[in-house]
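J.: Questions regarding the structure given below will be posed in turn.
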Amino acid sequence: MWQIVSQVFPYAIAFTIPLLITSLGGLFSERSGVVNIGLEGLMVVGAFSSALVISLLQPIMPEGAIWIGILAAMVFGALFSLLHAFASINLNANQVISGTAINMMAGALTVFIARTMTGSGNIQIISGLPRFDIPILSKIPILGKLFFSQTYASTWLVLLILLGSWFVIYKTAFGLRLRACGEHPHAADAAGVNVHFVRYIGVMLSGAFAGLGGAAILVTYSGEFNGSVAGLGFLSLACLIFGQWKPLGILGAAFFFGFASTLASVSQVIPAFAVIPGIILKVFPYVVTLIALILFSRSSQAPKAAGEAFDHGKR
Amino acid sequence: MDYVVEMQNIRKEFPGIVANDDVSVNLKKGEIHALLGENGAGKSTLMSILFGLYKPDRGLIKVNGKEVIINNPNQANELGIGMVHQHFKLVHNFTVTENIILGLEPKHGLTLNLKAASKKIHELSEKYKLDVNPNALIENISVGMQQRVEILKMLYRNAEILIFDEPTAVLTPQEILELMKIMKNLTEEGKSILLITHKLKEIKAAADRCTVIRRGKVIGTVDVADTTTAQMAEMMVGRVVSFTVDKKEQEAGDVVLDIQKLSAMGNHGVMGLNDFSLQVRTGEIVGVAGVDGNGQTELVEALTGLRKIESGSVILDGIDISKSTIRDRIESGMAHIPEDRHKHGLILDYSLEENMVLEIYNKPPYSKNGFLKKDEIRKHADKIIKDFDVRSGEGPITITRSMSGGNQQKAIVGREVDHNPNLLIAVQPTRGLDVGSIEYIHKRLVEQRDSGKGVLLISLELDEVLDLSDRIAIINHGELVGLVKASETNENEVGLMMAGVGK
Amino acid sequence: MKKSFKFEINKQLLIGVVTVFMGLIAGAVLMAFTGNNPFVGFSYLFRGGLMNVERIGNTLATATPLIFTGLSVAFAFKTGLFNIGASGQMLFGGLCATAVGLTFNMPRPLLLTVMMLAAMIGGGLWAFIPGLLKAKFNVHEVVSTIMMNYISLWVTYYTIQTFFVGAYDTESRAIPDSASLKTQWLTDLFNGSFVNIGLFLALAAVVIIAIILNKTVLGFELKAAGYNRFGAEYAGMKVNRNIVLSMVIAGVLAGLAGATYFVGYANTIQIGKMPTIGFDGIAVALLGANSPYGVLAGSIFFGILHSGKGFMNAMTSIPPEIGDTIIATIIYFAATSILIERAINTVRKKLKGDK
């Protein structure tokens, strides 16, 4: 049993981390007032850009290629999200439709470019991030084996970003303004806050973080880009709701979903879990989200003005 | 004379309408200067320009003698101009302190310095006698305190010139008196105040001078002490205004609406309406007076079926309708002119004729076998348009969203009256309308009463209630606290009962 | 009076045309990026869809499920709801139809009828749940339908793997010819293309939905609830029931999309694949300004794109993903149509000389 848990754990974490960072991106966007269901597409852009960059650079400079690729993923994710930002913020477009367009465009465009450059829709990288044990901490009984052994650097990067995000949102002036834009943009506007600017930052952060999420998938467990992130972007939306738009909430939600999904994938192989039909485990995160939506419907902490266009002229 | 603010020859145009046409207003130091005009006259637009929310097409602004350009609220703040908005711009789940410092946050390195903020707010609060609880969440404090937070927002930014936009619309009579005191304090400390309002009595009570604006143009600037309310009203509307409505004495008939010990839940888990009993007879108008938020909404919704009744009953024409559906109540002879014409009264994206059959589309002759009969619907709309003088861009096919508030309301009144109801419930029927529309709707309500129908009028405008009603019920904290004959009472007596005094 | 109405319709048409045009320009840019001449590329794209009778048949066959998902999304939009779940509803509806087709042995007319009913019930059921959640708990249908999409994906996956697995374990068994919507005379008429009688069902649906929306009491109620549920409630309409009904109708339409696709166009279900036709339906609905006839026009256009991209890929080196890219660009511009609308208004003003 213990063997199983300690073997499954790293996979579960590897699955959770992209979910977490993408969800965090969604948090910044929605907290600023812009609904972003294009997270799926932005993850694809991230996976694609990092795959492309890494596969090109790895033969030449094996040391830095992966991190440059990850950086590229964040940059291109942020850039691609500008489409959504411009449509939602400046043109008052319907944010759900714009997000859907982003998803479709990302999926089609990335494969298009991949095919043009490499002939097939897939891009493979030679190697991903190495796994390592954290000195000292990995020697702690039980916890050490679970959390601090065989970890990826990207995991720690994401957790660092999470901590930083918590700090920014709740302890800085920018965080106060961000939250104000999502709850009552007219109040922020009257107080002299540039709502458009804050929302652009929110959306671009969601693009950068989702891009990082896509890259994380590539360099940890996937190893190749194939045009899709299998619904992880949508699952991170579920995470965001389940976590009630709070950084620590989505940390918990991401772990919860991450583990459920991993169990579903490995359940066939592990006799102990094979009793539970795979279907139950696979649909578990989605069903749980539906239930959470019902339970939270009365007291939802969704940013009040998320999804509404901010029209300067209206009072 | 030194003016702290001069706005000269301001012009501002929006698509299809000139909101400000060559408007000039000036503000002396230490004065309270009122801007009087009907809804839509252009006063709010003018002040939004001063506050940097809009840019004027033509004209100039001088502050303390120097010409300035104000591009956004931040620049207005830097010039010492602050604005208390009519619809408060407060974030509901932030604390009082967080709302005040938003946009001008004191920082300690990277983090917010809430301690320094608290200190400054405390000082301001003491100096200007603005009592607030700095750590309370906005959604939990009273409307009066919310307004004080808005004022503190301005003082925190060292505003010298304060603009108040319709500040008394949401206050109790008590809180209005307190606000007047606060404004006097502020001017004594050297601040200058611009007061946007359409309430003549408050101008008389608080203002030094008054500039009257009508349809975007300045009619004149007067010294308040030397001008009567009648004179100001005439300037505001452009003709002599009759403040009272022509109503003959008449005997009321049988009971058409019998409300028996009605109770309903409010919105925050407490009882909103408590053991309320009232009768309305044919041929009379019963007015319900009360301060906003004292159970009027719960009463109306319980009567019309939009809210569940916890206990008690509603009898219409002898039939108990307490458990009936909304549709059944309409069909039993109850009509409802709702408080919020955009939320409940109309489907804004539907055309005028579609809205006129909103409650009867499924009945002959408007439909047959599940299909709509468009020509009958058209005829019905044409009739209401004619009978009720409803003006619109394209007649029956106009999308109601593009109609003016007054005409939207006339259409709703027309639709409800056309049902020939035995009981007409009219809630805030003249809110936000120009004087012409107000007079028209008052006339129609009295017409209903004269023709032997029962009218239940619920309004926050005490004058309207006193003017139209035969009898007046006063509601406070969800309970009936007084029931008087309109001819035997006056504003003071009713006002005291509204505030919960003199039960 | 009538004049401004016509102006409105014409403006919508113009916006639609401009939106499509922008999509095509995006496609042209991409074609150039791959080193191809855009005119050549587009000519192959459109010829691929229209060049001969067989290809026209394929275009129509591709358009058929799209008409249904487009109607599904458009109907939901018109009644105030976002049906992002057309893919999941279509998949489940298709599963139900396939299950019936593989299990029962009946005379063909009866079998097909039962299969269509199964698809309608399946799709309707799949949309019923988000509808109920919205009506009772005010759960936003965007999130709930997305969740239902994925639940549908896995339910289909496991159901087929367990009961209906076919030659490869990534797809279902093929339905017998008697259970397919393809009919000999139609197939012959179009020289052996994928066209099937689903086409006639789709055309009928367009007309029926148009009638419901514009001429019936039901349509009046559903639209009212969609535009302003408070006003509808005040007027005595049963808003909760109407929200659920709207979603169910949308689901039924999407279910039929599944039927026409999985037992019409194709004869197996691939597992683990989320049908993109559901999302294309959003594009079609937007392009058609949520009107049934607009949806019809949009579907045929997209049918041409999808049908022709293979030919274009064969004759040039342009990857077929360009089809989806064009569609995505069209959605984007449809969402931001206010930009186009402003541009049109400015041009109109200039032409009229600021009258």
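Read-outs: derived from the displayed coordinates by stated rules, not from any lab. Computed from a prediction, not measured in an experiment: that's the story for all the values here. Methodologically, a virtual Cβ is constructed for each residue, glycine included, from the backbone with ideal geometry; neighbour enumeration extends over all protein chains shown.
J.: Note down the nm distance, to one decimal, between modelled labels 7 Å out along Cα→Cβ at residue C:216 and at residue C:46.
T.: Once both label points are built, they end up 3.8 nm from each other.
J.: Something else about it: Give the average, rounded to an integer, of partner chain Cβ atoms located within 10 angstrom of each Cβ in A:116-128.
T.: Partner Cβ neighbours, averaged per residue: 1.
J.: Using only helices, what value at 222 nm comes out for the protein assembly as shown when you add -39,500 (n - 2.57) per DSSP H run of length 4 or more and divide by the total residues, to the nearest 500 deg cm²/dmol?
T.: One gets -17500 deg cm²/dmol as the mean residue ellipticity at 222 nm.
J.: So how far apart, in nm, are the two label points at residue C:346 and residue B:111 if each is 7 Å from Cα heading toward Cβ?
T.: 4.9 nm
J.: Using alpha-carbon positions, what is the distance between the centroids of region A:229-243 and region A:163-193, in Å?
T.: What the calculation gives is 24 Å, centre to centre.
J.: Let's test the formula: R0 of 35 Å, r as the Cβ-Cβ distance of residue C:162 and residue A:294. What FRET efficiency results, to the nearest 0.05?
T.: 0.75
J.: Hey, what angle do you get for helix B:143-156 against the long axis of chain B, alpha-carbon based, 0 to 90 degrees rounded to 10?
T.: Tilt relative to chain B: about 20 degrees.
J.: What is the set of long-range amide H partners of residue B:480 at a cut-off below 5 Å, with H atoms built 1.01 Å from backbone N?
T.: B:277
J.: Which percent, to the nearest 5, of DSSP beta bridges fully inside chain B are antiparallel?
T.: 55 percent
J.: Give the calculated FRET efficiency between residue C:10 and residue B:315 to the nearest 0.05, with a Förster radius of 45 Å applied to their Cβ-Cβ distance.
T.: So the FRET efficiency works out to roughly 0.25.
J.: Once each part is reduced to its C-alpha centroid, what is the distance from region B:285-333 to region B:135-196 in angstrom?
T.: 36 Å
J.: Here's another thing I want to ask about it. Can you grab the distance from the C-alpha centre of region C:275-304 to the C-alpha centre of region B:340-360, Å, no decimals?
T.: 30 Å
J.: Same structure, new question: Can you give the direction-averaged projected area of the convex hull of the alpha-carbon atoms in chain C, in nm²?
T.: 20.5 nm²
J.: Right, something else. Any idea what the dipole of chain B comes to, in debye rounded to 20, about its Cα centre with Lys/Arg Cβ at +1 and Asp/Glu Cβ at -1?
T.: Charge dipole of chain B: 1180 debye, to the nearest 20.
J.: Tell me, what HN-Hα J-couplings in whole Hz come from the Karplus equation 6.51 cos²θ - 1.76 cosθ + 1.60 at θ = phi - 60° for each residue of region A:208-218, using x for Gly and Pro?
T.: Couplings: 5, 5, 5, x, 4, x, x, 5, 4, 4, 4 Hz.
J.: Express in nm, to one decimal, how much length is gained between residue B:241 and residue B:404 on full extension, taking 0.36 nm for each residue of separation and deducting their alpha carbon distance.
T.: Length difference between fully extended and current span is 56.5 nm.
J.: Additional query: Largest first, please: the extent of the C-alpha atoms of the protein assembly as shown along each principal axis, to the nearest Å.
T.: So the extents along the principal axes, rounded to whole Å, are 93, 73, 67.
J.: Shape verdict for region B:346-406, please, from the Cα gyration tensor: rounded (a/c under 1.5), prolate (a/b greater than b/c) or oblate.
T.: It is prolate, given that a/c is not under 1.5 and a/b is the larger ratio.
J.: Please work out, to two decimal places, the log10 of the ratio I(q)/I(0) at q = 0.06, 0.08 Å⁻¹ from a Debye calculation in which every Cα of chain B carries one identical scatterer.
T.: -0.32, -0.58
J.: At a Förster distance of 22 Å, what's the computed FRET efficiency of residue B:131 paired with residue B:158, Cβ-Cβ distance as r, to 0.05?
T.: The computed FRET efficiency comes out at 0.60.
J.: Then there is this: Relative to the longest principal axis of the C-alpha atoms of chain B, give the angle of the C-alpha long axis of helix B:374-388, reported between 0 and 90° and rounded to the nearest 10°.
T.: So the helix axis and the longest Cα principal axis differ by about 60 degrees.
J.: Of all DSSP beta bridges in region B:3-237, what percent run antiparallel (nearest 5)?
T.: Rounded to the nearest five, the antiparallel share is 60 percent.
J.: Right, here's the next one. So what J values fall out for region A:190-195 if you push phi through Karplus, 6.51 cos²θ - 1.76 cosθ + 1.60 with θ = phi - 60°, rounded to Hz, Gly and Pro as x?
T.: So the Karplus estimates, Gly and Pro as x, are 5, 7, x, 7, 7, 4 Hz.
J.: Okay, moving on. Skipping prolines and chain starts, which residues have an amide H placed within reach, meaning under 5 Å, of the one on residue B:214, given they are 5 or more residues away or on another chain?
T.: B:219
J.: More than 19 angstrom separation, counting every C-alpha pair in region A:180-258; what % is that?
T.: For region A:180-258, the fraction of Cα-Cα distances above 19 Å is 52 percent.
J.: Can you list residues whose amide H is under 5 Å from residue B:311's amide H, if they're 5+ apart or on another chain and H is modeled 1.01 Å from N?
T.: B:263
J.: Can you check what the Kirkwood hydrodynamic radius comes to for chain A, Cα pairs only, in Å to one decimal?
T.: By the Kirkwood definition, the hydrodynamic radius is 20.0 Å.
J.: Is there a simple number for the mean count of other chain Cβ atoms within 10 Å of the Cβ of residues in B:386-399, and what is it?
T.: Mean shielding count: 1.
J.: A follow-up question, please. Return a whole-number percent for the relative contact order of chain B, with Cα pairs under 8 Å and 6 or more residues apart as the contact set.
T.: 14 percent
J.: Can you tell me what share of the DSSP beta bridges in the protein assembly as shown is antiparallel? A percent to the nearest 5 is fine.
T.: 60 percent
J.: Would you mind giving the three semi-axes, in whole Å and largest first, of the ellipsoid equivalent to region C:288-355 according to its Cα gyration tensor?
T.: Listed largest to smallest, the semi-axes of region C:288-355 are 32, 15, 11 Å.
J.: Take each of the peptides B:487-493, B:370-376, average the number of other beta-carbon atoms within 10 Å over its residues, and list them starting from the highest.
T.: For the peptides B:487-493, B:370-376, the packing ranking is B:370-376, B:487-493.
J.: Related question: Starting with the highest mean, order B:435-447, C:138-150 by the number of other Cβ atoms within 10 Å, averaged over the residues of each peptide.
T.: With the highest mean Cβ count within 10 Å placed first, the list reads C:138-150, B:435-447.
J.: Using the Karplus curve 6.51 cos²θ - 1.76 cosθ + 1.60 with θ = phi - 60°, what ³J(HN,Hα) values do you get for each residue of region B:11-19, in whole Hz, with x for Gly and Pro?
T.: With the stated coefficients, region B:11-19 comes to 10, 9, 10, 10, x, x, 8, 9, 6 Hz.
J.: If you don't mind, there's one more thing I want to ask. Does a label point 7 Å from the Cα of residue B:104, set along Cα-to-beta-carbon, have any residues of region A:163-196 with amide nitrogen under 11 Å, and which are they?
T.: Residues passing the 11 Å test: A:191-192.
J.: Something else about it: Averaged over peptide A:30-41, how many Cβ atoms belonging to another chain are found within 10 Å of each residue's Cβ?
T.: Mean number of neighbouring Cβ atoms from other chains: 1.
J.: From the square roots a ≥ b ≥ c of the eigenvalues of the alpha-carbon gyration tensor of region A:1-110, which class results: rounded (a/c under 1.5), prolate (a/b over b/c), or oblate?
T.: Verdict is oblate for region A:1-110.
J.: Continuing with this model, one more query. If the reach is capped at under 19 angstrom between alpha carbons, list the lysines near residue B:28, excluding any in the same chain fewer than eight residues apart.
T.: Correct list for residue B:28: B:43, B:62, B:66, B:184, B:191, B:204.
J.: Just how large is the dipole of the protein assembly as shown about the Cα centre, in debye to the nearest 20, putting +1 at every Lys and Arg Cβ and -1 at every Asp and Glu Cβ?
T.: About 2220 debye.
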